[in-house]
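Here is the structure we will look at, set down as structure tokens.
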Amino acid sequence: MAFWNEEIETMPREELERLQLRLLRAKVREMYDKSAFFHEKMRSVNMLPDDVTDFDAFRRIPFMKKTDLRDNYPDKLFTVPYDEITRVHVSSGTTGRPTVVGYTQNDLNNWTESLARGMTSFGMTKKDMLQNFHGYGLFTGGLGVHYGAERIGATVLPISTGNTERQIQLMQDLPVTAWAGTPSYMFHIADTCDRLGVDIRRDTKVKLAIAGGEPWSDSMRNKLQDRTGVRIHNCYGASEMSGPMFLECAEQSGLHVWADLAYMEILDENGDPCAEGEKGEMVVTMLQKEAFPLIRYKMNDISSLTWEKCDCGRTHPRLGRISGRTDDMLVVRGVNVFPSQIESVIGEMAFLSPFYHITLENDNYMDAMTVEVELNEEYLTEDMNALANMSKQLASRLKSILNIKAEVKLVLPGTLKRFEGKAKHVTDNRSYE
Ligand code: ZN
């Protein structure tokens, strides 16, 4: 199968690691000079840029965390002025403060390059037409995938999410061969096709897909592939890194992490490197990012990494499936949701008590979120209209903060379970089998 950038993609490991160290040292030097935040991090451990002589020395630099992004909202971590910034994306962060990511033209180019390599690696070419289900706008999935596919010369149908029957009509009328979107939306497409009597194998030309943005398992993938006849490739990324970045090749055995763009560490609970293939916490350094650099950033995801050469011929390391989170972030319908965001909305409303509970279900792999909140004693009423209005107010505020719909249930004071110590606010009943 073809390569997008064969020289880089097949570079021997030793050469790649030499390149990584060189880029890493240059980035540390640059950040030390340009970023007050990073300068202070280095000083806190008495390090100078020249001390970073190898990867072990690099590991002495303190982590960068999600709370650092919150504390430096909106753009204090940018290291270039706005006249060098070409685009800004915004995603949900903790406690109501979103994460704002800036991109220089080079940042956009590198992001697009990483997707162009990934798409080529599972067999997409300029002959393909990609139907992009990802939302266009502040979410990075839509535009990221869009430009990646255009870069390899494919045709893009930028249809975005929703209006499923129209999606299915267009994928029959046009020579669509590939999809990009969340796994749950692809299940929804498959269900809707069944209902409409459309057979994806017979009535469309769709053969390939990229799926990401939410947790799922290999058994879900097998089911979806069996149902649709479409070969589906995983995708990993986060807005802090640029957006979706790393894709699975045609071997479907892990996501290729482009080592010239990212240095990925997998660490155990003591912060020491895990053995290859062993699960640990992901910490990423972006080697060429300009506007919003990441150095030793804790992704809060758990996975493993192997440098074992892939059967596709690519030498870059591969990331295993994401097997969990180290924080309380939930991914619901592809959207990042922090319980703290819900808590702050509840806090805004005088008629609600602070007692709440979030329940997640996924009937047919389609996520549904229910938020139960106890009414404040003083606002108890039998007036159904008043109750309906309170529910509506909460539901619409949650929708505007979270960007997804939550079912809201107001309950009587004292009915939700009380906890000694740390409250358990979330019951996640979703199954990925
Ligand atoms: Zn491969």
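The values are calculated or read from the model by the stated rules, or taken from the named source; none is laboratory data. All of these numbers come straight from a predicted model, not from anything done at the bench. Don't worry about glycine lacking a Cβ; one is built from the backbone with ideal geometry, like all the others, and counts go over all protein chains shown. Keep in mind that these areas ignore ligands, DNA and RNA; they rest on the heavy atoms of the full protein, side chains included. Shrake-Rupley method; radii C 1.70, N 1.55, O 1.52, S 1.80 Å.
Select from the stretch 159-168 the residues that are touching a Leu at 6+ places or on another chain (Cβ under 9 Å) and open to solvent by 30 Å² or more (accessible area, probe 1.4 Å) and write down the one among them that is farthest from residue 246 (Cα to Cα). Looking at residues that are touching a Leu at 6+ places or on another chain (Cβ under 9 Å) and open to solvent by 30 Å² or more (accessible area, probe 1.4 Å), I get 165.
When residue 212 is tested against the conditions (1) at pLDDT 95 or above; (2) in contact with a Cys (Cβ under 7 Å, 6 or more places away or on another chain); (3) not aromatic (Phe, Trp, Tyr), the lone failure is (1).
Of the helices (runs of 4 or more DSSP H) entirely within the stretch 147-236, those holding at least 3 residues that are within 28 Å of residue 319 (Cα to Cα) and not basic (Lys, Arg) occupy 183-196, 218-228. No other residue among 164, 140 is among the β-branched types (Val, Ile, Thr) and within 16 Å of the chain's Cα centre (by Cα) apart from 140.
Filtering the stretch 303-330 to residues that are among the small types (Gly, Ala, Ser) and open to solvent by 30 Å² or more (accessible area, probe 1.4 Å) leaves only 323. Across the stretch 323-335, not a single residue is classified as farther than 30 Å from residue 192 by Cα, charged (D, E, K, R) and within 16 Å of the ligand (Cβ to nearest atom). Of all residues in the stretch 244-270, those being under 19 Å from residue 122 (Cα atoms) and not charged (D, E, K, R) number 14. Of all positions in the stretch 278-296, none carries a residue that is modelled with pLDDT of 95 or more and within 16 Å of the ligand (Cβ to nearest atom).
Applying the condition of being of a type outside the set (Gly, Ala, Ser) and in a strand (DSSP E or B) to the stretch 301-321 and asking which residue is nearest to the ligand (Cβ to nearest atom) yields 318. Restricting to the stretch 16-41, count the residues that are among the acidic types (Asp, Glu) and open to solvent by 80 Å² or more (accessible area, probe 1.4 Å). Looking only at that region, the number is 2. Scanning the stretch 220-263 for residues that are within 16 Å of the ligand (Cβ to nearest atom) and at positive phi yields 252, 254. Residues of the stretch 42-92 that are polar (S, T, N, Q) and either under 24 Å from residue 328 (Cα atoms) or open to solvent by less than 30 Å² (accessible area, probe 1.4 Å) (or both): 67, 72, 79, 91, 92. For the stretch 375-424, filtered to residues that are in a loop (DSSP other than H, G, I, E, B) and in contact with a strand residue (DSSP E or B) (Cβ under 6 Å, 6 or more places away or on another chain), the residue that is most open to solvent (accessible area, probe 1.4 Å) is 403.
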